[in-house]
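Colleague: Okay, handing you the structure first.
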Amino acid sequence: GDYFQFITRDGIDELPLEKEVKHARTYTEIQAFRFGSRIRSEFGDLPAGLEGVTVPRLILQPLIENAYHYGLENKMSDGVIRIGFSVEGLELSLTVEDNGDELDDRKLQELRGMLLDSKDRTESTGLINVHRRLRIKYGQGSGLQLNRGAGGGLKAELRIPLRREREDSEHVQIADRG
């Protein structure tokens, strides 16, 4: 119920990061019923103080869905999806990495090329959709980077600048000091 309520809400384009993460966790719980013990998900801790950072809605779950569908769906055992969060300077990084064994160099290059393709296509993958939405909202330095992960599968990393969020909180602290 939580999953479908989140998906069908109208009018909410942005939400606190902790709600986006909660939705992603709900999605992995649903997938756990489908895949049983074949695939497990591991969530890292959200860095303290970032729970309320506002992010676009539905940016994390499509990356996880991609990992299940393209990276691990055919894996018969020991599939792992790792979801991690980190901050470097004024940039938030959300990472989804799988240990699938179907990603080859050609496919990785093809995916990277799709991210760079500026042609507006009527049909695109969830990865491309998320990348384009982040670029529109935050500009060139943001978006999705695709690499091979430590486990051999795809590592999709979302990068979101925190400057606006951090500046807003600094203004609040300065105002509170009088």
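The values are calculated or read from the model by the stated rules, or taken from the named source; none is laboratory data. Note that this is a predicted model, so its numbers are computed, not measured. Because the Cβ atoms are built from the backbone with ideal geometry, glycine has one as well, and the counts that use them run over all protein chains shown. Please note that ligands, DNA and RNA were not included when accessible areas were found on the heavy atoms of the full protein model with its side chains. Shrake-Rupley method; radii C 1.70, N 1.55, O 1.52, S 1.80 Å.
Colleague: Of the conditions (1) open to solvent by less than 60 Å² (accessible area, probe 1.4 Å); (2) among the acidic types (Asp, Glu); (3) modelled with pLDDT of 90 or more, Glu165 fails just one. Which one is it?
Modeller: Evaluating Glu165 over (1) open to solvent by less than 60 Å² (accessible area, probe 1.4 Å); (2) among the acidic types (Asp, Glu); (3) modelled with pLDDT of 90 or more leaves (3) as the failure.
Colleague: So Ile30 fits all but one of (1) outside any helix (DSSP H, G or I); (2) in contact (Cβ under 8 Å) with a residue 24 or more places away in the chain; (3) aliphatic (A, V, I, L, M); what number is the exception?
Modeller: Just one mismatch for Ile30, condition (1).
Colleague: For residues that are open to solvent by 30 Å² or more (accessible area, probe 1.4 Å) and either free of Cβ contacts under 8 Å to residues at least 12 places away in the same chain or part of a strand (DSSP E or B) (or both), tally how many sit in region 74-96.
Modeller: Adding up the residues that qualify gives 6.
Colleague: Here are some conditions: (1) among the small types (Gly, Ala, Ser); (2) touching a residue at least 40 places away in the same chain (Cβ under 8 Å); (3) part of a helix (DSSP H, G or I). Ser41 meets all but one. Which one does it not meet?
Modeller: Condition not satisfied by Ser41: (3).
Colleague: Looking at Gly84, Gly52, Gly36, can you tell me which residue is within 14 Å of the chain's Cα centre (by Cα) and small (Gly, Ala, Ser)?
Modeller: From the options Gly84, Gly52, Gly36, the qualifying one is Gly84.
Colleague: For Leu158, work out the one condition from (1) modelled with pLDDT under 95; (2) crowded, with 18+ Cβ neighbours inside 10 Å; (3) out of contact with any Lys or Arg (no Cβ under 7 Å at 6 or more places or on another chain) it doesn't fulfil.
Modeller: Leu158 satisfies every listed condition except (1).
Colleague: Does His23 satisfy the condition of being assigned to a helix (DSSP H, G or I), under 14 Å from the mean Cα position of the chain (by Cα) and either of a type outside the set (A, V, I, L, M) or at pLDDT 95 or above (or both)?
Modeller: Taking the combined requirement at face value, the residue satisfies it.
Colleague: Out of all the residues in region 72-86, which are farther than 10 Å from Ile39 by Cα and at pLDDT 95 or above?
Modeller: Arg82, Ile83, Gly84, Phe85, Ser86
Colleague: Go through region 35-73 and count every residue that is closer than 22 Å to Leu111 by Cβ and open to solvent by 20 Å² or more (accessible area, probe 1.4 Å).
Modeller: Residues flagged as closer than 22 Å to Leu111 by Cβ and open to solvent by 20 Å² or more (accessible area, probe 1.4 Å) within region 35-73 amount to 8.
Colleague: Okay, moving on. What number of residues within region 97-142 are modelled with pLDDT of 90 or more, among the polar types (S, T, N, Q) and part of a loop (DSSP other than H, G, I, E, B)?
Modeller: Residues flagged as modelled with pLDDT of 90 or more, among the polar types (S, T, N, Q) and part of a loop (DSSP other than H, G, I, E, B) within region 97-142 amount to 2.
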